[in-house]
1. If you check K115, K125, K186, which single one turns out to be modelled with pLDDT under 95 and of a type in the set (K, R)?
2. Within the stretch 1-60, take every residue that is polar (S, T, N, Q), touching a residue at least 24 places away in the same chain (Cβ under 8 Å) and not in a helix (DSSP H, G or I) and give me the one that is nearest to A73 (Cα to Cα).
3. Exactly one condition in (1) under 25 Å from G47 (Cα atoms); (2) among the charged types (D, E, K, R); (3) touching a residue at least 24 places away in the same chain (Cβ under 8 Å) is false for E295; which is it?
4. Just a yes or no: is a residue in the stretch 32-52 over 23 Å from Q126 (Cβ atoms) and either of a type outside the set (D, E) or crowded, with 19+ Cβ neighbours inside 10 Å (or both)?
5. With the requirement that a residue be loosely packed, with under 15 Cβ neighbours inside 10 Å and not in a loop (DSSP other than H, G, I, E, B), what does the stretch 267-291 give you?
6. Which of the residues spanning the stretch 102-113 are buried (at least 18 other Cβ atoms within 10 Å of the Cβ) and within 11 Å of L155 (Cα to Cα)?
7. Kindly evaluate L246 against the criterion of being within 19 Å of the chain's Cα centre (by Cα), crowded, with 16+ Cβ neighbours inside 10 Å, in a loop (DSSP other than H, G, I, E, B) and modelled with pLDDT under 95.
8. Has the stretch 307-318 got at least one residue that is closer than 29 Å to V68 by Cα, in a helix (DSSP H, G or I), within 21 Å of the chain's Cα centre (by Cα) and hydroxyl-bearing (S, T, Y)?
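The values are calculated or read from the model by the stated rules, or taken from the named source; none is laboratory data. From a predicted model like this one, the values you see are computed outputs, not experimental measurements. Cβ placement follows ideal geometry from the backbone for every residue including glycine, while neighbour counts extend to all protein chains displayed.
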Amino acid sequence: MAIPTEPIGSIPRPDFLLRGFGALAEGEITGKDLESLQERALTDTLGRFLETGSPVVTDGEQGKPSFVTYPLAGMTSLAPDGAVIPFADGHTRQLPRLTGGPFRYGAYAVEYLRKAQQHTDLPVKQAVIAPSALSLLYPADGIPGYPRAEFIDDLARESEKDIRQCLDAGAAAVQLDFTEGRLSLKLDPSGELLGSFVELNNLVLARFSEAERRRIGVHTCPGGDQDSVHSLDVDYAELLPRLFELRAGNFYLQLASEPDRARVLKVVRDHAAEDQRIFIGVIDPIDPRVESAEEVRDRVLEAAEYIPPARLGTCDDCGFSPFADDTSTSRDTAFAKIAARVAGTGLAASALGV
């Protein structure tokens, strides 16, 4: 396929896995039992990806508690009262608060990548959390004996390790989830917080070669949890110029759910660099309606009016279940939407003659 198409990451977990999470919490099964359920879910996920014709797959984050907290597995220097992320429907998600250092990941994304690679011959993409998101773990009033500057050094080193291990293990692409980018402008309209996020992420990205950065991408969206968002009301034009300052080769942009796609595409055209590939979102995971292949095709053709086809790709706006307990979208709906994305991207490539 001349126009690449990739999933963003998470797929709704099957019922048996969700029941397993609950059973583990109640002490009814062991961690080993849960691992068996996760492997079963992973095998099913990859098999269903194959049925969609997807040229690139993910593990569907079947083994992750959430897209943001996987590195915190087993960590003891955490308190539950960290930053709160409010969503438009009134529900919230809360991050833990770091209580001491040094900061070290408890788990690395390469563990999920290797498990997926054992069950498929297709290229596997691996999502990792951006260091900017994990920087929110550090409390505003500091930690005695562990200054913020030392924490940032530790965080940058751990984030680099998380990305590099995936590259070295043969990931087709490594995607930094940067959903906090748009949210930062809601929390701080001055843009200073966004600027600090870009600076931190670039501190990590600068540690990779140009060739490596061509395999590294950044995903941004206004959140997607329980069929709600946290920052869709923030003007994309305030984010995108700073986003494209990130030293990554690929950018995965939520677009299907954007009310004025043409306006956003003009901003992309004006600010993206010529060596940056733009994956546009052509599937809205929050919309229960399954898009048709022709609808996807038309969205790609619209984007091609602003972005050269040689630099164009397609994706979903967001993961379908970034938090493991999000059951707002069924697995059947998610894979039907993915199949439409793959087919529609192929139709657009044929129409464009690429």
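1. K186
2. Per the criteria, the residue is S10.
3. Failed condition: (1).
4. Yes, that holds for at least one residue.
5. Residues satisfying the conditions are R269, D270.
6. Across the stretch 102-113, the qualifying residues are F103, Y105.
7. no
8. Within the stretch 307-318 (the criterion being closer than 29 Å to V68 by Cα, in a helix (DSSP H, G or I), within 21 Å of the chain's Cα centre (by Cα) and hydroxyl-bearing (S, T, Y)), the answer is no, since none of the residues qualifies.
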